[in-house]
Amino acid sequence: MTRIFLYIILLLLLPVTLVAQENKEVNYPDYLLLRELAVNIYSADLDTDKQKKAVETIREMGPSILPELIRLSKDPDKNVRAGAILALGIFPREAKRSVPVLIHVINEKDEELTVVAADTVREIGSEAAAAVPHLINVIKDTRFRKSGSSAIFYAVAALGEIGPAAKAAIPTLKGISNDRRVSSATQAEASIAIALIERKNPDPKVRANAARCLGGTGRASVIPILKELLNDPDESVRKAADEALIFMRVGALLDKVQGKDTIERLNALRALGDMGQAAKWGELIISHCLTDSNEQIRRAAAETLRKIKGK
């Protein structure tokens, strides 16, 4: 009886042993968990909360799981592959070792996998410079162009985040920014990508134009770049960067003015007033507050406009 029981146990354990032999460096329970988390990250059928939880769980596991994620990026299940590729972007600094894998995925020319691979390249940024020619090929791919594929948008965004090291992509990006066959979002993203790349162009006029373009994005991620340009050797570039930062500051405050929280709105109006004439372009939105149902808001708006006009 004891022998029969042991035999049954061995049969039950055999599949686990075989999988462990096939994945020698992978802890079997963690491997299964990562596959499940990868599917949760990618699958559009699952709710956002579940996706966020999967991302947080992987983040808590730490970058030591990168080898397992790279292994899963070659999984036969496409959903597992896509999720694992996206998960690599959770650790952008350490994930630079995965760039060859991402390039391989991009070259497969599968639309869904190209999108996630390009998005992970975007997360990695300048350390993924080796992907530049392959991303350019994605943009030039006639099949993606004809179908209006989102792969083009993500390739463009990735080139922008790679930055100055992607200068070889400038002609292609200029073509996209003026190509009406692609979406307006992709055209706009191409203009932003050009600015991100050109911020270190030898010509100060080009750098100044890049600063102005970046200021118009409203993206918090460009603030460190604009602050860096405040130390540019050329005065016109420094001025453009300063104006861009002011523009972004005013825009952020105007967003709060149009919010619902009374205290935030009041604080934003006061901050705009303290900026004086620098907040002049926000006068129209501020003037709408003069008819607000809240008396405090009406008074604060009137005071802000007075300060902006220098009265």
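The values are calculated or read from the model by the stated rules, or taken from the named source; none is laboratory data. Here the structure is a predicted model, which is why all the values come from computation and not from measurement. FYI the Cβ positions are ideal-geometry reconstructions off the backbone, even for glycines, and counts take in every protein chain you see.
On inspection, Lys227 qualifies as surrounded by fewer than 19 Cβ atoms within 10 Å (Cβ to Cβ) and over 20 Å from Val105 (Cβ atoms). Among the residues of region 267-284, the ones that are among the aliphatic types (A, V, I, L, M) and surrounded by 19 or more Cβ atoms within 10 Å (Cβ to Cβ) come to 4 in all.
Within region 248-278, which residues are more than 18 Å from Arg298 (Cβ to Cβ) and among the aliphatic types (A, V, I, L, M)? If you could, list the steps in order and put the result at the bottom.
Taking region 248-278 and keeping what is more than 18 Å from Arg298 (Cβ to Cβ), we get 248-252, 255, 274-278.
Selection gives Met248, Val250, Ala252, Met275, Ala278.
Listed here are the residues, each with its yes/no results for (1) crowded, with 21+ Cβ neighbours inside 10 Å; (2) modelled with pLDDT of 95 or more; (3) touching a Ser or Thr at 6+ places or on another chain (Cβ under 9 Å).
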residue	(1), (2), (3)
Ile124	yes, yes, yes
Ala130	no, yes, no
Ile162	yes, yes, yes
Gly175	no, no, no
Arg180	no, no, no
Ala185	no, no, no
Ala188	no, no, yes
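Quick one: is Ala208 assigned to a helix (DSSP H, G or I), under 29 Å from the mean Cα position of the chain (by Cα) and surrounded by 17 or more Cβ atoms within 10 Å (Cβ to Cβ)? Yes.
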